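Here's the structure we're looking at; comments come further down.
The values are calculated or read from the model by the stated rules, or taken from the named source; none is laboratory data. Note that the structure is predicted; figures quoted are calculated from it, not measured. We place every Cβ from the backbone using ideal geometry, glycine too, and count neighbours over all the protein chains shown. Side chains included, ligands, DNA and RNA excluded: accessible areas come from the protein's heavy atoms. Shrake-Rupley method; radii C 1.70, N 1.55, O 1.52, S 1.80 Å.
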Amino acid sequence: VTSGGSAFLNFALNNQHLGFPGPRLVTLASSQVDSDPRGTNTPFDYGDKQEVKVTGGVTRILGGMELIVDGGVRRKNQQAAFFSNTGDPFNYVDTGLSTYSLTPRVNVQHSLFGLSAKAIAGFDGYYSTYDSDRPEFKGAPPVHSYALTQGTAALYAQETIALRPDT
């Protein structure tokens with residue numbers, strides 16, 4: 001942080017493993033929910049997620065205006081496996097999603113018609129890629145593969161006028 005602005009960097013990691021409970025058999029004569037409430041018919045089903053996020057930027061005061069330039073990268077990978085109740089694998093999913101962002105903007109404190117006002121204007125740009133392979137089991141060639149990209153961009157501006165000094 002300096003008298004003319006600041007810089008920032010945020011970094012986050014996330015790693016998660018979930019066991020999926022699967023179905024339970026319930027009939028008029030018996031109930032697996034009652035007899036084994038923590039059990040499952042598919043004990044090997046799971047989902048995993050790994051995520052990395054990095055965001056950084058700078059702020060500067062330039063001639064009464066505050067300029068903010070920031071951007072980021074987010075990468076999320078997910079895997080899930082589903083097994084039959086005999087333990088044989090029958091479905092696997094391996095997916096990655098990456099998002100890149102750039103969001104510069106400017107804040108201006110000024111007066112308009114003799115009233116205190118504030119303006120903000122900026123640009124939001126995002127680019128994302130999605131890749132998902134779906135083989136029958138981990139390591140097998142995919143039965144289905146998806147590869148998608150998307151880009152979005154927007155310009156925006158907003159003026160706020162204080163009608164009274166206390167608003």
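Assorted remarks:
- Here the 3J(HN,Hα) profile of the range 149-160, calculated from phi with Karplus coefficients 6.51, -1.76 and 1.60 at θ = phi - 60°, is 9, 8, x, 9, 8, 8, 9, 8, 8, 9, 10, 10 Hz, Gly and Pro shown as x.
- Sorting 68, 120 by accessible area puts them as 120, 68; the probe is 1.4 Å, largest comes first, and only protein heavy atoms count.
- 20 Å Cα-Cα reach of residue 53 towards aspartates and glutamates, excluding residues that sit fewer than 8 places from it in its own chain: 70, 94, 124, 131
- Charge context of residue 103, other residues only, Cβ under 9 angstrom, K/R +1, D/E -1: -1
- Computed over neighbours whose Cβ is under 13 Å from that of residue 94, the net charge equals 0, Lys and Arg +1, Asp and Glu -1.
- Correct choice for Rg and Dmax of the Cα atoms in Å that was computed from the model, options (1) 19.3, 70; (2) 25.8, 80; (3) 23.9, 77: (2)
- Couplings for the range 42-51, taken from phi via the Karplus curve 6.51 cos²θ - 1.76 cosθ + 1.60 with θ = phi - 60°, read 10, x, 9, 5, 8, x, 10, 9, 10, 9 Hz in order; Gly and Pro are left as x.
- For the options 62, 115, 13, a Gaussian network treatment of the chain with springs between C-alpha atoms closer than 10 Å singles out 115 as fluctuating the most.
- Calculated FRET efficiency for the pair residue 98/residue 119, C-beta based, R₀ 41 Å, to 0.05: 0.80
- Förster-model FRET efficiency, 45 Å R0, residue 134 and residue 62, C-beta, rounded to 0.05: 0.35
- Filtered trypsin sites (Lys or Arg not before Pro), the range 18-101: DSSP coil and at most 15 other beta carbons within 10 Å: 24, 38
- FRET efficiency for residue 86 and residue 52, using Cβ-Cβ distance with R0 set to 45 Å, rounded to 0.05: 0.80
- Taking all protein chains into account, the per residue accessible area for the range 27-89 stands at 62 Å² (1.4 Å probe).
- The modelled label-to-label distance between residue 149 and residue 11, using points 7 Å beyond Cα along the C-beta direction, is 2.8 nm.
- Rounded percent of accessible protein surface that carbon and sulfur make up, the chain, 1.4 Å probe: 59
- Residue 84 contributes about 40 Å² of solvent-accessible surface, heavy atoms of the protein only, 1.4 Å probe.
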